[in-house]
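Written out below as structure tokens is the structure these notes cover.
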Amino acid sequence: MAETYDETQPQELRRFLDRSGRLTMWPPAKQRDKLLILEYLAGFFEQGRMYSEKEVNELLLLHSTIKDSAALRRALYEYRFMNRARDGSRYWLIGSEFSDFAAQ
């Protein structure tokens, strides 16, 4: 899992985080920054674990001051950091072994 804010985080990322490592701004103007943030957020999810929509939202709210967790969740899906079941009830990191579940 990703660590909280520290001096080892890239400067490009730190400007979007508070001292606790929580995201403070979304969406950024630059595509490159958006991908950097999404990669950071994806690091808080475990590979090989399936999450309910509620669990994804709760985890995003824990690591963000942004109250629109749905926008962050959609971005993780749209930018292919996470996949989901057709009905949106379950999410998992891309590369997890749940590809058959996505067809359901």
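Specify which of the listed residues (41, 59, 36) is in contact with a His (Cβ under 9 Å, 6 or more places away or on another chain), modelled with pLDDT of 95 or more and of a type outside the set (Val, Ile, Thr). From the options 41, 59, 36, the qualifying one is 41. Filtering region 1-17 to residues that are hydroxyl-bearing (Ser, Thr, Tyr) and either in contact with a strand residue (DSSP E or B) (Cβ under 6 Å, 6 or more places away or on another chain) or at pLDDT 90 or above (or both) leaves only 5. Selection of region 23-61 for residues being in a helix (DSSP H, G or I) and within 19 Å of residue 90 (Cα to Cα) yields 38, 41, 42, 53, 54, 55, 56, 57, 58, 59, 60, 61.
Residues of region 62-72 being β-branched (Val, Ile, Thr) and either crowded, with 16+ Cβ neighbours inside 10 Å or part of a helix (DSSP H, G or I) (or both), which ones? Listed by number, the list holds a single entry, 66. Inclusion of residue 72 among residues that are more than 17 Å from residue 96 (Cα to Cα) and either in contact with a strand residue (DSSP E or B) (Cβ under 6 Å, 6 or more places away or on another chain) or without any contact (Cβ under 8 Å) to a residue 24 or more places away in the chain (or both) is not warranted. Of all the listed residues (61, 17), the sole one being closer than 27 Å to residue 86 by Cβ and hydrophobic (A, V, I, L, M, F, W, C) is 61.
Scanning region 12-29 for residues that are of a type in the set (A, V, I, L, M, F, W, C) and surrounded by fewer than 16 Cβ atoms within 10 Å (Cβ to Cβ) returns 25, 29. If the condition is being in a helix (DSSP H, G or I) and surrounded by 14 or more Cβ atoms within 10 Å (Cβ to Cβ), then region 73-89 contributes 73, 74, 75, 76, 77.
The values are calculated or read from the model by the stated rules, or taken from the named source; none is laboratory data. Being a predicted model, the structure only gives us computed values, none of them experimental. Virtual Cβ from ideal backbone geometry, glycine too; neighbours counted across all protein chains shown.
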